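The values are calculated or read from the model by the stated rules, or taken from the named source; none is laboratory data. Everything quoted here is computed from the prediction, not taken from an experiment. Here Cβ is always computed from backbone atoms with ideal geometry, including for glycine, and neighbour counts include all displayed protein chains. All accessible areas refer to the heavy atoms of the entire protein, side chains included, with ligands and DNA or RNA removed. Shrake-Rupley method; radii C 1.70, N 1.55, O 1.52, S 1.80 Å.
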Amino acid sequence: MKFIKVDTYEKLSRSAANIIAAQVIAKPHAVLGLATGSTPIGAYTRLAEMCDAGDVDFSLTSTVNLDEYVGLSPANDQSYRYFMDKNLFSKININKDATSVPNGCAEDLDAECERYDALIADKGGIDLQLLGIGIDGHIGFNEPDEVFEKGTHVVTLDPSTIEANARFFASRDEVPRKAITMGMQAIMQAKKVLLIANGKNKEAILHAALFGPITPKVPASILQLHPDLTVIYSEV
Ligand code: F6R
């Protein structure tokens, strides 16, 4: 594992964007696994600037996002599809048809999970997977559990996740209770994994995940087994 500690969110964002841009420059047809949440916003802004400046070209790149809330349509401004369009895809020269987010409004959610895994497999897997980490140790929406779930699946969100994500909604009651998330197989089969975290409140869980026992009770701990993991952490 490569652990990079920086002292500002700005530096975290720049380093993360540099790693993602390097992947796309080295392999223009790269498949990027992407995350939502507040942590990657700075990196996405920086990638948009790099694209604008002509330093990186996303025209051949494709993306698969980690997760989506069940019941939120792409038009809903709290959906992860909306988030990705707003914070990244509308600002870079990517082909929108090459960007994928699970469909949280699918009539048959189990079929949607299977479709999503098949889509990732069809693309030949993920070259670089970007991850944030929840304060309960989740990655994607793989919540603490008795087992590591392999494939894309539907989850019931933990009360702590609902609490943490309530800041994006008008009230806690509006946070969806379920989500679709990529499972551990696609994440662990990504050729490279880049985990980013900022804030003092992430320090303890990050430490548990990276140096504690490997257990599904701390889902991110499985990343200790990944052969090419980079972690960037900033306290602020
Ligand atoms: C979002 C996702 C989540 C977040 C995590 C941290 O697509 O997969 O695992 O990365 O909840 O969220 P923030 O960055 O808001 O602290």
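Taking a straight line from the alpha carbon of LYS11, these lysines sit under 30 Å away, with near neighbours fewer than eight places off in the same chain left out: LYS2, LYS27, LYS86, LYS91, LYS96, LYS191, LYS192, LYS200, LYS202.
So, with +1 on the Cβ of K and R and -1 on the Cβ of D and E, and no other charges, what is the size of the charge dipole of the chain about its Cα centre, to the nearest 20 debye? List each step's numbers first, then the result.
Details: 22 positive and 31 negative charges, 151 e Å.
Computed about the Cα centre, the dipole is about 720 debye.
The residues neighbouring SER221, those whose beta-carbon lies less than 13 Å from its own, together hold a net charge of -1 under the Lys/Arg +1, Asp/Glu -1 convention. Each part gets one Cα centre, and for segment 66-130 versus segment 6-63 those centres are 17 Å apart.
Based on alpha-carbon atoms only, what is the radius of gyration of segment 131-181 relative to the globular estimate 2.2 N^0.38 Å? Kindly include the intermediate steps, with their values, before the conclusion.
On the way: Rg = 11.0 Å, N = 51, 2.2 N^0.38 = 9.8 Å.
Relative to the rule-of-thumb radius for its length, segment 131-181 sits at 1.12.
Computed with a 1.4 Å probe over protein heavy atoms only, the accessible surface of segment 2-234 comes to 43 Å² per residue. With the simple spin-label model, which puts each label point 7 Å out from Cα in the Cβ direction, the ARG115 to PHE3 separation comes to 4.2 nm. Note on ALA26 and LYS86: with the Förster distance fixed at 25 Å, the Cβ-Cβ geometry gives a FRET efficiency of about 0.35. For segment 1-103, the list of GluC sites (Glu not before Pro) that fall in a loop by DSSP and count at most 11 other C-beta atoms within 10 angstrom is empty.
For GLU235 and LYS96, the FRET efficiency from 1/(1 + (r/R0)^6), where r spans their Cβ atoms and R0 equals 30 Å, is about 0.25.
The portion of the accessible surface of segment 2-234 made up by carbon and sulfur, rounded to a whole percent, is 53 (1.4 Å probe; DNA, RNA and ligands excluded).
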